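Asker: Dropping a structure here in structure tokens format, bear with me for questions.
The values are calculated or read from the model by the stated rules, or taken from the named source; none is laboratory data. None of the values given here were measured: they were computed from a predicted structure. Backbone-built Cβ (ideal geometry, glycine too); neighbour counts: all protein chains shown.
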């Protein structure tokens, strides 16, 4: 046929433009069927004279304020292309267009053509796309079509750009170009090489040769096959690389998984899982990923999480080879790395030792394995230091006799660099049996240990709701904010040890869509006095955490109260701020979890 036909209702804006487009595309955009091949030619050039109806015709209709007639030119052709490809009565399809979807010359890029036509070409399994314009030669395909386990074989459209005339442009670099930057593989590329193409369709096989002019040398070639039922399509540089009968049997697939606790300091292990076809003992290579990017040096089956991983998604990619197969790669589902459990130290000892000459066994219990030393003290005097064994959570020390009387004992956990990581609460040990005279009586008083708590008015049924996101027309991003208030921290612990408050946010999600917590911050923080207690709000230091520059993607301290100033309650108010959310995010209500921790 001779191009698109008018489909819009008469008297509409689209109808006026379609009339002009049909006239301009006549003898340019067309479809031809020849010996089982459907050839479709598109118009890649835009000229105002081809796109604009007359002023009188435009005055007779009403067009929407956001109507874009240039985009409509491409959409009109894309709809036509989709229709004629779906109705293809033959086995093969070839699309030609002057400008290339993937450019080969320096400084050229036709992103609008990819946006208009690439998905239609993909959806309809087009065999070959022929292009020009760049005065260079290039051939390739989308990387997503590479067939795992078959080197050099791909199962999608082939894109070829060529020039026969004498004019030549500079070829773009091989490392980073319009192909590689847009998910495509540039297989062959030349500059200053004039070619014509010899293309043959014969018995389920397309044979392509690019022939240099005037030498007649074949400078590039490939073959494409179709299976007998047309359900499979593969291309390679030579026919001997194609699967027999153009049918590819199911390949073995590695099913990688991650096992272990996703927490800083813990070790994750990769489980290769099972393979199809009963393969045993395949060779495997490992690459651990952080947010889909390789972690340098993390190429063993196990990986120990570090603080750098906190708040990020961690996965493992396993590449497996076996005789007659592969390499085949599979990536596990990701886990999110959490901060390490806070180090804690508990000291236990007998309350009373009746033999004044006996030693006492002291036991320090760690909340998790770590490295370093534990030093035991009696009445602030060191009794001894024990190095923590690898993986141990319990440390013991047997002391000499401490002397008759009541002693106050505690333990300290110290890192290799001398930093004190944790201190136990004190315990009392009464040594020997002190004598009594007259009417002497023992008087005891219990000082409660108290607690450190943090509360908020928000619940799952009544969460903090941010105002509707607003679009910044300049940056084309969304922002939103809401008041986070009535956060009350109460410290009733003995010892006046002070406290700190930290905040961390999860990613925001809505169904399968999400955006990163790097857009989340807590700003305009203020400490408010709670009437009737000794804790003064003016002694509380608050720290704003701005989105993007200092976001809550990992746990950040937002408030602190020094030791030695007494106990009580303080109220924290602030603003939860979301900034520069990409406008490409899918509309919807997004939810995240904000964790406030007092310690």
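Asker: Return the total of residues in the stretch 195-238 being modelled with pLDDT of 95 or more, surrounded by 14 or more Cβ atoms within 10 Å (Cβ to Cβ) and on the phi > 0 side of the Ramachandran plot.
Answerer: Here the count works out to 0.
Asker: Every residue in the stretch 482-506 that is part of a strand (DSSP E or B) and out of contact with any strand residue (DSSP E or B) (no Cβ under 7 Å at 6 or more places or on another chain), please.
Answerer: none
Asker: Out of the residues in the stretch 53-94 that are in contact (Cβ under 8 Å) with a residue 60 or more places away in the chain and under 25 Å from residue 6 (Cβ atoms), which is surrounded by the fewest Cβ atoms within 10 Å (Cβ to Cβ)?
Answerer: 79
Asker: Do we have any residue at all in the stretch 262-276 that's modelled with pLDDT under 80, surrounded by 14 or more Cβ atoms within 10 Å (Cβ to Cβ), in a loop (DSSP other than H, G, I, E, B) and touching a helix residue (DSSP H, G or I) at 6+ places or on another chain (Cβ under 6 Å)?
Answerer: Within the stretch 262-276 (the criterion being modelled with pLDDT under 80, surrounded by 14 or more Cβ atoms within 10 Å (Cβ to Cβ), in a loop (DSSP other than H, G, I, E, B) and touching a helix residue (DSSP H, G or I) at 6+ places or on another chain (Cβ under 6 Å)), the answer is no, since none of the residues qualifies.
Asker: When you check residue 157 against the structure, is it in the same structural domain as residue 77 (by TED's automatic domain parsing) and either crowded, with 19+ Cβ neighbours inside 10 Å or within 33 Å of the chain's Cα centre (by Cα) (or both), yes or no?
Answerer: yes
Asker: While we're looking at this one, here's another question. Does residue 449 satisfy the condition of being at negative phi, at pLDDT below 90 and either more than 24 Å from the chain's Cα centre (by Cα) or surrounded by fewer than 15 Cβ atoms within 10 Å (Cβ to Cβ) (or both)? Full working, then the answer.
Answerer: Working: at negative phi: yes; at pLDDT below 90: yes; either more than 24 Å from the chain's Cα centre (by Cα) or surrounded by fewer than 15 Cβ atoms within 10 Å (Cβ to Cβ) (or both): yes.
Taking the combined requirement at face value, the residue satisfies it.
Asker: I'd like to know if the stretch 552-574 contains one or more residues that are at pLDDT 90 or above, in contact with a helix residue (DSSP H, G or I) (Cβ under 8 Å, 6 or more places away or on another chain), assigned to a loop (DSSP other than H, G, I, E, B) and under 21 Å from residue 339 (Cβ atoms).
Answerer: yes
Asker: Could you list, in sequence order, all residues of the stretch 160-184 that are touching a strand residue (DSSP E or B) at 6+ places or on another chain (Cβ under 8 Å), surrounded by fewer than 17 Cβ atoms within 10 Å (Cβ to Cβ) and under 25 Å from residue 236 (Cβ atoms)?
Answerer: Once the filter is applied, which keeps residues that are touching a strand residue (DSSP E or B) at 6+ places or on another chain (Cβ under 8 Å), surrounded by fewer than 17 Cβ atoms within 10 Å (Cβ to Cβ) and under 25 Å from residue 236 (Cβ atoms), the stretch 160-184 yields 174, 183.
Asker: So, one more: Kindly provide the set of residues from the stretch 36-87 that are in contact with a strand residue (DSSP E or B) (Cβ under 7 Å, 6 or more places away or on another chain), more than 19 Å from residue 133 (Cβ to Cβ) and outside any helix (DSSP H, G or I), ordered by number.
Answerer: Residues satisfying the conditions are 36, 37, 38.
Asker: Do you know which of the residues in the stretch 526-543 that are within 22 Å of residue 495 (Cβ to Cβ) and touching a helix residue (DSSP H, G or I) at 6+ places or on another chain (Cβ under 8 Å) is surrounded by the most Cβ atoms within 10 Å (Cβ to Cβ)?
Answerer: 527
Asker: Here is a follow-up. Determine if the stretch 198-212 includes at least one residue that is touching a helix residue (DSSP H, G or I) at 6+ places or on another chain (Cβ under 7 Å) and either touching a residue at least 60 places away in the same chain (Cβ under 8 Å) or not assigned by TED's automatic domain parsing to the domain that holds residue 240 (or both).
Answerer: Yes, the stretch 198-212 has at least one match.
Asker: In addition: If you go through the stretch 186-194 one residue at a time, do you hit one that is in contact with a strand residue (DSSP E or B) (Cβ under 6 Å, 6 or more places away or on another chain), surrounded by 19 or more Cβ atoms within 10 Å (Cβ to Cβ), outside any strand (DSSP E or B) and assigned by TED's automatic domain parsing to the domain that holds residue 98?
Answerer: The answer is yes, given that some residue of the stretch 186-194 is in contact with a strand residue (DSSP E or B) (Cβ under 6 Å, 6 or more places away or on another chain), surrounded by 19 or more Cβ atoms within 10 Å (Cβ to Cβ), outside any strand (DSSP E or B) and assigned by TED's automatic domain parsing to the domain that holds residue 98.
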